[in-house]
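Just below is one structure, and these are the notes that go with it.
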Amino acid sequence: QGYCQDVYQGQLASVHSTARNQELQKLAQTYHIISPWIGAVTSCRAGQWESYWEDSSPWNYANWAPTHPLHFVTTCTTLSIRDGLWRSRFCFQLRPFICQY
């Protein structure tokens, strides 16, 4: 998220519809970007696990893979180019990402 902000003056992508999810999946496939970061984070807040967008936009859509998101540690989210599903990953992993402006 910091890199998107500092270098591109953007945010990690937020996804609010199936159409947008498919658009980002196809974009990542075009550039052969395997499971890039998107802007969803899952963490425990006030004793409840919740997911939210880094850009503070409303949480009104989700496309989680079965058994995701994980609920034992704060995680970030990848978008699979294979199936379009989201998966929780440890946030410190280095991987490609999709910024929006």
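The values are calculated or read from the model by the stated rules, or taken from the named source; none is laboratory data. Bear in mind that the values here come from a model prediction, so they are computed numbers and not experimental data. Methodologically, a virtual Cβ is constructed for each residue, glycine included, from the backbone with ideal geometry; neighbour enumeration extends over all protein chains shown. What goes into the accessible areas is simple: the full protein's heavy atoms, side chains included, and nothing from ligands, DNA or RNA. Shrake-Rupley method; radii C 1.70, N 1.55, O 1.52, S 1.80 Å.
Local charge for residue 10 was computed over the other residues whose Cβ lies under 13 Å away, with Lys and Arg +1 and Asp and Glu -1, and equals -3. Structure remark: mean-square fluctuation, Gaussian network model of the chain, C-alpha springs under 10 Å; the largest value among 56, 14, 35 belongs to 56.
The candidate values were (1) 6.4; (2) 9.1; (3) 7.5; the one computed from these coordinates for mean projected area of the Cα convex hull in nm² carries the label (1). Surface analysis of the chain yields an accessible area of 58 Å² per residue, using protein heavy atoms and a 1.4 Å probe.
Net charge near residue 100, counting Lys/Arg +1 and Asp/Glu -1 over other residues with Cβ under 12 Å of its Cβ? It would help to have the intermediate numbers written out before the result.
On the way: positive: 20; negative: 23, 54, 55.
Residues close to residue 100 contribute a combined charge of -2.
This model, with +1 at the C-beta of Lys and Arg and -1 at the C-beta of Asp and Glu, gives the chain a dipole about its Cα centre of some 240 debye.
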